[in-house]
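J.: Structure below; questions to follow.
The values are calculated or read from the model by the stated rules, or taken from the named source; none is laboratory data. Everything numeric in this text was worked out from a predicted model, so none of it was measured. Neighbour counts run over all protein chains shown; Cβ positions are idealised from the backbone, glycine included.
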Amino acid sequence: MKRFVGLMLSLSFVLAMVGTGIAVAQEKSRAMPPPKILVIGREYTKPGKAGAAHEKTESAFVQAMKKAKWPTHYLAVESLSGKSRALFLTGYDSFAEWEKDAQAGEKNAAFTADIARAWAGDGEMLSDTDGGIFQFNEDYSLRPNVDIAHCRYFEIGRFVLKPGHDGDWAEIMKLVKGAYEKIAPQHWAMYTEIYGATNSTYVYFTALKTGEEMDQGLAEGKEFEAALGADGLKKLGELSAAAIEESQTHLFAFSPKMSYPRDEWVKADPDFWAPKAAAAPAAKKKADGQ
């Protein structure tokens, strides 16, 4: 929502739209299904402007959302690999829901004014922005429902296909899913980029709670190879060489200070999503006679 309101304020913000939480909560479970529509905005920070400096300017957006009691929430994550950047993720059930959210922002003059002021400060931190719109692909996902409230990282992989190779990609995903269904409880949510990409582009998200889970993922390599078998590995290699033009995988850490988290997340893990400010040290009492 944060970025979408920015879009409505000025066309100069076209590539900077994004906002909300990554999933719709289920009433009786902490496991959350991925949103059907995911809007992702990327903010590339200038050297020395990541971390605390960027968190400070982003706090203005969070305060604007809280002040307006805005119903749409967003999750921010910061890069631990690649270029210094923050991603802002917004989940919607449909484009109709997204449109409704945007129209509500346009009608709230005080809210849009607060967002505009926040952008003025945040822009000083940034070297570039861009964004994309993605649709959840259930067929290419595996065990996608996760307890986001207690996760701390995203492994995000991006695959750009050569023109005309979507059929090969379907075969690749059939092989990969089939192998992982036989081994450890690996999971991911796969999205198709429907706006913002030149060629067919797929992005997966694997939510992680600890570094230990990353170690476990690396250790699954041999199990994966065994599950595929020699013929499967050969076929996977041939299909990948034919179909994939570009691929990359990066690690991101959740940023509670730059997020506008869902109430369910805060209740589930308040120490992470809404930590109390450290108390100021008590003043020392003066000795008698001083």
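J.: Can you name the residue in segment 143-169 that is more than 26 Å from M32 (Cβ to Cβ) and touching a residue at least 12 places away in the same chain (Cβ under 8 Å) and, of all such residues, is surrounded by the fewest Cβ atoms within 10 Å (Cβ to Cβ)? Give the steps one after another, and end with the answer.
T.: Of segment 143-169, the ones more than 26 Å from M32 (Cβ to Cβ) are 160-169.
Now drop any that are not touching a residue at least 12 places away in the same chain (Cβ under 8 Å), which leaves 160-163, 165-166, 168-169.
Working: V160: 17, L161: 21, K162: 15, P163: 9, H165: 18, D166: 14, D168: 18, W169: 19.
Applying the filter and picking the extreme gives P163.
J.: OK, next. Tally the residues that are part of a loop (DSSP other than H, G, I, E, B) and either of a type outside the set (F, W, Y) or surrounded by fewer than 17 Cβ atoms within 10 Å (Cβ to Cβ) (or both), restricting the search to segment 63-85. Reasoning before the result, please.
T.: Restricting attention to segment 63-85, the residues satisfying the condition of being part of a loop (DSSP other than H, G, I, E, B) are 69-73, 80-84.
Checking which are either of a type outside the set (F, W, Y) or surrounded by fewer than 17 Cβ atoms within 10 Å (Cβ to Cβ) (or both) leaves us with 69, 71-73, 80-84.
Qualifying residue count for the region: 9.
J.: Suppose the filter is on the phi < 0 side of the Ramachandran plot and either among the β-branched types (V, I, T) or surrounded by 12 or more Cβ atoms within 10 Å (Cβ to Cβ) (or both); does S94 pass it? If you could, list the steps in order and put the result at the bottom.
T.: Details: on the phi < 0 side of the Ramachandran plot: yes; either among the β-branched types (V, I, T) or surrounded by 12 or more Cβ atoms within 10 Å (Cβ to Cβ) (or both): no.
Criteria not met by S94.
J.: Does E225 meet the test of being under 23 Å from E171 (Cβ atoms), out of contact with any strand residue (DSSP E or B) (no Cβ under 7 Å at 6 or more places or on another chain) and of a type outside the set (K, R)?
T.: Against the criterion (under 23 Å from E171 (Cβ atoms), out of contact with any strand residue (DSSP E or B) (no Cβ under 7 Å at 6 or more places or on another chain) and of a type outside the set (K, R)), E225 qualifies.
J.: Look at A110 and say whether it is touching a helix residue (DSSP H, G or I) at 6+ places or on another chain (Cβ under 6 Å) and at pLDDT 95 or above. Reasoning before the result, please.
T.: On the way: touching a helix residue (DSSP H, G or I) at 6+ places or on another chain (Cβ under 6 Å): no; at pLDDT 95 or above: yes.
Judged against the criteria, A110 is not a match.
J.: Taking G51, is it at pLDDT below 95 and crowded, with 17+ Cβ neighbours inside 10 Å?
T.: On the way: at pLDDT below 95: yes; crowded, with 17+ Cβ neighbours inside 10 Å: no.
Judged against the criteria, G51 is not a match.
J.: What about T45, is it touching a His at 6+ places or on another chain (Cβ under 6 Å), at pLDDT below 90 and hydroxyl-bearing (S, T, Y)?
T.: Details: touching a His at 6+ places or on another chain (Cβ under 6 Å): yes; at pLDDT below 90: no; hydroxyl-bearing (S, T, Y): yes.
Criteria not met by T45.
J.: Taking E213 as the residue in question, decide whether it is within 26 Å of the chain's Cα centre (by Cα) and over 26 Å from S79 (Cβ atoms).
T.: Working: within 26 Å of the chain's Cα centre (by Cα): yes; over 26 Å from S79 (Cβ atoms): no.
For E213, the condition - within 26 Å of the chain's Cα centre (by Cα) and over 26 Å from S79 (Cβ atoms) - is not met.
J.: Continuing with this model, one more query. Can you pull out the residues in segment 223-237 that are within 19 Å of E155 (Cβ to Cβ) and surrounded by fewer than 14 Cβ atoms within 10 Å (Cβ to Cβ)? Don't jump to the end; show me each part of the working.
T.: Restricting attention to segment 223-237, the residues satisfying the condition of being within 19 Å of E155 (Cβ to Cβ) are 223-224.
Of everything in segment 223-237, nothing turns out to be within 19 Å of E155 (Cβ to Cβ) and surrounded by fewer than 14 Cβ atoms within 10 Å (Cβ to Cβ).
J.: Applying the selection to segment 244-274, what residues are within 18 Å of E43 (Cβ to Cβ) and in contact with a Lys or Arg (Cβ under 7 Å, 6 or more places away or on another chain)?
T.: A253, F254
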